[in-house]
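Before any comments, here is the structure.
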Amino acid sequence: MERDVSNFSLLVLIVFVMIPFTISYFYQLGLKKDILWSSIRGAIQLFLIGLILTYLFNLNPFIGIPIMLSVMITIATFHARKKGKELPNVFITILGGLIVIEVFVLALWLGFDMVSFTPEEIIPMSGMVIGNSMVAMGLSLERMKSEFSTNRGKILAALSLGATPKQASHLSVRRTLNAALIPNIDQLKTIGLVQLPGMMTGLILGGVEPIVAIKYQLVISISIFSSVSVSAIIVSLVMYRFFYNERMQIVDLEEV
Amino acid sequence: MSQVIYKLDNIYRRILTNINIEIHKGDRVMLFGPSGSGKSTLLHLFNRLDDPEQGSIFYNGKNINEQDITTLRKNVGLVLQQPYLFPETVKDNLMYGPKLFNDWNPDEARTLLEYVNLPESYLDKPVDELSGGEKQRVSLARTLANKPEILLLDEPTSALDDQNIEQIEQDLINLIQHNDLTVIMVTHNLEQAKRLGNRGIYLENGKIVEEGLLPDMLDRPETEALKNFTTNH
């Protein structure tokens, strides 16, 4: 890419930050500190990641890629587990889930020559898959907790009739999966119509032919769609067990 | 004296302290006492929705820890305070339990609805369209669909109006007369306890304060605690 954004142009971005800052000031939203802090933090994080990426891109791909993927998966796991801290084994379930998803996606990309094994391609694309899976797992955990709380009476009724935890959780698991998959399906339906997806936009800005950019976008969009679905399924089908004890009794989350 | 079907031996759980109960086949045991006295906790122990911290429970002479939990729950059916019906239709609810055990016979649906005095046309009715009383009757029929040996009832009429209470009571009386059922029921309503029960257990602060035959026990209480309770209810 030959074109660059000048440092002066970047400074002008402060104007964009000042707009929500001013709104918060006038309407006393109490968000001034958050707006400033998140903007500064975001900028520093991006510059740091830029430096790290430059370093990693110059390393042997067999060293740089595994290091970066491990870091991304670990950070994503710590972040997603916040949504289900009360549940046992949540860290290991998310970590295992993200590893399985990433390995599966990499196998598909590399096996069918969709993506080449270079840090420039693997790291940003894996970042999108891991990031979206992280969000899906966090949302599924939250949704599952809320379903178990709302449907506690129905679950008790099912257990009292002789249902196993798996049978008693069927409704809650189904609703969790629905909640996770429907926005994902909707997003795929409107792709390119409501907004041009990020990766495609980036490639076009970088001077790549739109049709090539679209091919890459398809690879990443379908990969994200599949990873998000698998994330929700892993969380739902593994985590429901932790709402019960070994005697098939529902446990209070506080007691877990 | 008939066979002991359920026995609780020196049970401790949450508020429950040193609970010893023998339930005989055909008993209609009414559990009553102030709110928070441990009645529902006690009822959940029979169905193993909860387990004691200390003590042993025997069903048909065998420790319940050595029995299959799902089979025990099928045989010791529980009707909760709220109906908590499953989606979608009345029929879906009636066949829920039997289907878990591959024991659903569609011909039984009508009999189940007859037990609770609902017409056959209700089978395909969505549960959202039922009144509060009808929901509770479907909940009762759903538990009966499992053909339990013991029926546990956790204040099934507490959220209903007088007309629905009378209807459910009549359903229960019919059931008890036509089936070989042992009933253990939590109730706040002492008149209801007299109408439905033949034995009473009065709990206070997790302890059995008095037990005896109904209605005598409520007409002539022996302890001050039960005297006060009957005066206030």
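The values are calculated or read from the model by the stated rules, or taken from the named source; none is laboratory data. Quick caveat: nothing in here was measured; it's all calculated off a predicted structure. Please note: Cβ atoms are built from the backbone with ideal geometry, for glycine as well, and neighbour counts cover all protein chains shown. Side chains included, ligands, DNA and RNA excluded: accessible areas come from the protein's heavy atoms. Shrake-Rupley method; radii C 1.70, N 1.55, O 1.52, S 1.80 Å.
If you wrap the tightest convex hull around every Cα atom of the stretch A:78-224 and split its volume per residue, you get 136 Å³.
Spin-label model, A:Lys82 to A:Val12: label points 7 Å out along the Cα-to-beta-carbon direction sit 3.4 nm apart. Only beta bridges with both residues in the protein assembly as shown are counted; by DSSP, about 55 percent of them are antiparallel. Surface exposure of the stretch A:86-214, expressed per residue as accessible area with a 1.4 Å probe, stands at 48 Å².
Normalised by the number of residues in chain A, the mean separation of alpha-carbon contacts (under 8 Å, six or more apart) gives a relative contact order of 22 percent. Among the trypsin sites (Lys or Arg not before Pro) within the stretch A:1-40, those in coil by DSSP and having at most 16 neighbouring Cβ atoms inside 10 Å are A:Arg3. When the solvent-accessible area of the stretch B:4-232 is split by element, carbon and sulfur atoms take up 41 percent of it, the probe being 1.4 Å. Per-peptide packing, taken as the mean over residues of other Cβ atoms within 10 Å, places A:94-102, B:58-66, B:75-83 in the sequence B:75-83, A:94-102, B:58-66 from highest down. What base-10 log of the normalised intensity I(q)/I(0) is obtained for the protein assembly as shown from the Debye formula, alpha carbons as equal point scatterers, at q = 0.10 Å⁻¹? Listed by q, the Debye log ratios stand at -0.86. Could you state the number of Å between the C-alpha centres of the stretch B:69-98 and the stretch B:193-233? Going from one Cα centre to the other spans 30 Å. Using a simple spin-label model with pseudo-atoms 7 Å out from Cα toward Cβ, B:Glu53 and B:Gln163 lie 4.7 nm apart.
In plain terms, the bigger the Kirkwood radius, the slower the diffusion; for the stretch B:4-232, with that radius from Cα pairs, at 37 °C and 0.692 mPa s, Stokes-Einstein puts D at 182 µm²/s. Within the set A:Lys154/A:Lys189; A:Lys83/B:Lys91; B:Lys62/B:Lys147; A:Lys154/B:Lys227; A:Lys145/B:Lys135; A:Lys145/B:Lys7, which residue pairs have Cα atoms separated by over 31 Å? Beyond 31 Å: A:Lys154/A:Lys189; A:Lys83/B:Lys91; A:Lys154/B:Lys227; A:Lys145/B:Lys7. Sorting B:Glu204, B:Glu155 on solvent-accessible area from highest to lowest, probe radius 1.4 Å, gives B:Glu204, B:Glu155.
FRET efficiency for the B:Lys207 to A:Leu188 pair, using the beta carbon distance and R₀ = 45 Å, is estimated at 0.15. Globularity index of chain A is 1.20 (Cα radius of gyration / 2.2 N^0.38 Å, N = number of residues). Mean sequence separation of contacting Cα pairs (under 8 Å, at least six apart), scaled by the length of the stretch A:9-131, corresponds to a relative contact order of 23 percent. Sparse packing (at most 16 other Cβ atoms within 10 Å of the Cβ) combined with a DSSP loop state is found for the following trypsin sites (Lys or Arg not before Pro) in the stretch A:48-129: A:Lys85.
Across peptide B:66-78, the mean count of Cβ atoms from other chains lying within 10 Å of each residue's own Cβ comes to 3. For chain A, the membrane-span-like helices by this rule, meaning whole DSSP H stretches whose C-alpha atoms cover at least 24 Å of axis and whose Kyte-Doolittle mean is 0.0 or above, are A:7-27, A:32-57, A:61-81, A:90-111, A:119-150, A:210-239; this says nothing about an actual membrane. What does the average come to when, for each residue of peptide A:237-247, you count the partner chain Cβ atoms lying within 10 Å of its Cβ? Taking the mean over all residues of the peptide, I get 1.
With distances taken between every two different alpha-carbon atoms, the stretch A:13-69 has a Kirkwood hydrodynamic radius of 13.5 Å. Using only side-chain charges placed at the Cβ, +1 for Lys and Arg and -1 for Asp and Glu, the dipole size of the stretch B:4-232 relative to its Cα centre rounds to 460 debye. Any number yet on Rg/Rh for the stretch B:24-114, C-alpha, Kirkwood? Reported Rg/Rh (Cα atoms, Kirkwood Rh): 1.00. Counted over chain B, the DSSP beta bridges are approximately 55% antiparallel.
With protein chains left intact and a 1.4 Å probe, residues in the stretch B:4-232 average 43 Å² of accessible area per residue. Starting from the stretch A:211-256, pick out the trypsin sites (Lys or Arg not before Pro) whose DSSP state is loop and whose Cβ has at most 16 other Cβ atoms within 10 Å. Filter output for the stretch A:211-256: A:Arg247.
For the stretch A:29-125, the Cα gyration tensor yields ellipsoid semi-axes of 28, 22, 11 Å (square root of five times each eigenvalue, largest first, whole Å). Averaged over the residues of peptide A:161-171, the number of Cβ atoms from other protein chains lying within 10 Å of each residue's Cβ is 5.
Shown for the stretch A:42-89: the carbon plus sulfur share of the solvent-accessible area, taken with all protein chains present and a 1.4 angstrom probe, equals 73%. Using alpha-carbon positions, what is the distance between the centroids of the stretch A:189-218 and the stretch A:5-63, in Å? If you average the Cα positions of each part, the centres end up 23 Å apart.
For chain B, what relative contact order do you get, as a whole percent, if you take Cα pairs closer than 8 Å and at least 6 residues apart? Taking the mean separation of contacting Cα pairs over the length of chain B, I get 27 percent. Buried surface between chains A and B: roughly 1700 Å² of accessible area, summed over both sides, computed with a 1.4 Å probe on protein heavy atoms only.
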